[in-house]
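Contents: one structure, followed by commentary.
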Amino acid sequence: MASNAVKYMPIHGGTTPAETRSFFSAVKPIKTSTFVYAFVITFVSFTLFLAFFSPSPNSSSPWSFSTTTPSSDNNTSGSHFSSIFSYIGKNSTLQAPAPENLTPVDKATTFESPNVNRTNPSQPLVSDKSPTLTSDDVRNQTAAPSRSEAPVSVDVTASSSSSVKQEVEKWSESLKNCEFFDGEWIKDDTYPLYEPGSCKIVDEQFNCISNGRPDKDFQKLKWKPKTCTLPRLNGGIMLEMLRGRRLAFVGDSLNRNMWESLVCMLKGSVKDESKVYEARGRYHFRGEAEYSFVFQDYNCTVEFFVSPFLVQESEIVDKKGTKKETLRLDLIGKSSEQYKGADIIVFNTGHWWTHEKTSKGEDYYQEGSNVYHELAVLEAFRKALTTWGRWVEKNVNPEKSLVFFRGYSATHFSGGQWNSGGACDSETEPIKNETYLTPYPSKMKVLESVLKGMRTPVTYLNITRLTDYRKDGHPSVYRKQILSDEEKKTPLLYQDCSHWCLPGVPDSWNEILYAELLLKLNQLG
């Protein structure tokens, strides 16, 4: 076919094959041979040039090139050009992905997530047989723009790095030598950081204003360190810091308190909230082992894993055939495989170690096949944290990830404990006299000793003292809207004086986390 094309193709726009033959018959034989050879060489070279640089018939642009890695039977020159254009692609302006067309990719999973409706995540899941999507899939993949649409060119890297750089430069000098946890609560009428009732993900247990709490001044308090001022958490800047990353909270319901607070602040800062959704399409955040909020435009996730002891809860069968619960002090919690790849991890434990079973320590703590007949809770706590510390050192690369440990959050039960009539419903102001603060918890002293012995750096968010002031910040009787018949008889017996209303105290924990990230962002890989 190529020879036929040459046969009937005019050369340089005017010479026909017949005219060419006439030309050759008019010249001397020796010149004719020379001209023919030159013509053939020129023609072959020109044909090869066109064949090599012809665009793919499947390209939408005349200058589009395949970025697929050449197979072993491709020619060498093709491999070189593929590498050149791959390099150009990595350094060029990114194209904004279309929100639809998210396709699961085949890679190591963190947790499986149904393929929910991207444009309207409030719609129910279509089918239980829908393709699954992991949190890493959501974070790492980008959908290519439809060929029928003109791709919008957005210099994401430049704009995000510029805004983050400006925030770091603005605050780093004043924050680098600041003791964040030595300070006081001051009134600030620009708070709270989000309006009560505006964030639909807040659990009923923390939604105090919606549950009828009449006073609101507790939401207008800001934590002020003595030697600096904390930056107001800027949700847009923090999302830029999290772009392409995973932030995971691991621990008990107090870390869920902190997780919900942060998700609310970040969610309220995005332009299109329909692109923020829980990866499995959930709308209630109690009762499951893990949750993950996807911020699609930032390709990041903010996750929570339930692990109240950080080590593994288990059970054994005694000689009588009866099952008994135990706590494996030598094994990290089962969800560790899911969160170990996170870029930023915030751990906590503490409250569950105050319950009767853990406090007594009788036939409960286990190492290997040995169940201790009796073990002091502080020693058990030390063993558990040592197991956690060894896991961190083995599984977290400090050059690529940041690890935080949030300290014990103070409780304020008066006249009893959480299960014996303890109350805090009359509290509307924080403690102002330091003599009424409780002593530093012995378990946190154990934590500090474990952290000091670790090779991997862990930032300790020591929020114990700043929470101890806030006897006014708990849900108390405003922990739910509808009481059971039993609760209606004696409503004051059922109070929550350990968790925190939202908006409220955990917002300040997240502002401290924000300040720490401004100082440590360069440590992330």
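The values are calculated or read from the model by the stated rules, or taken from the named source; none is laboratory data. Here the structure is a predicted model, which means the values were calculated and not measured. In this analysis, Cβ positions are derived from the backbone assuming ideal geometry, glycine residues included, and neighbour counts consider all displayed protein chains. Heads up: the accessible areas ignore ligands, DNA and RNA and are worked out on the full protein's heavy atoms, side chains in. Shrake-Rupley method; radii C 1.70, N 1.55, O 1.52, S 1.80 Å.
Points to keep in mind about this one:
- Backbone amide hydrogens, once placed in the peptide plane, bring G504 within less than 5 Å of nothing, excluding anything fewer than 5 places away on its chain.
- Potential lengthening between N370 and E195 on full extension [0.36 nm per residue; Cα-Cα distance subtracted]: 57.8 nm
- Virtual paramagnetic centre 7 Å along Cα→Cβ of Q523, amide N under 18 Å, in segment 392-410: 392-407
- Exceedance of the 32 Å cut-off in Cα-Cα distance is limited, within the set K394/K432; K200/K220; K220/K480; K324/K452; K187/K267; K220/K275, to K394/K432; K324/K452.
- Taking the convex hull of Cα positions in segment 255-330, its mean projected area over all directions (nm²): 7.0 nm²
- Carbon + sulfur, % of accessible area of segment 303-429 - ligands and nucleic acids excluded, 1.4 Å: 46 percent
- Extending 7 Å from Cα along the Cβ direction at K170 and again at V317 yields two label points whose distance is 6.2 nm.
- Label point of I186 set 7 angstrom out along Cα-Cβ; within segment 488-508, amide nitrogens under 19 Å from it belong to 505, 507-508.
- Converting the Cα gyration tensor eigenvalues of segment 305-365 into ellipsoid dimensions via √(5λ) gives semi-axes, longest first, of 26, 15, 7 Å.
- As a size descriptor, the averaged projected area of the C-alpha convex hull of segment 372-523 was calculated at 12.6 nm².
- Estimated FRET transfer efficiency when R0 is 35 angstrom, pair K224-L492 (beta carbons, to 0.05): 0.55
- Gain upon complete extension [R390, K452; 0.36 nm per residue less C-alpha separation]: 21.0 nm
- Note, ³J(HN,Hα) from phi for segment 298-312, Karplus 6.51, -1.76, 1.60, rounded to Hz, x at Gly and Pro: 10, 6, 9, 10, 10, 10, 9, 10, 6, 7, x, 9, 6, 9, 8
- Whole-number percent relative contact order across segment 393-525, with pairs defined as alpha carbons under 8 Å at least 6 apart: 38 percent
- Sequence-distant residues sharing a close amide H with V250 (under 5 Å, placed H): F305, V346, F347, N348
- Between amide H atoms placed 1.01 Å from N, distances below 5 Å from V311 occur with G333, all of them 5 or more places distant or on a separate chain.
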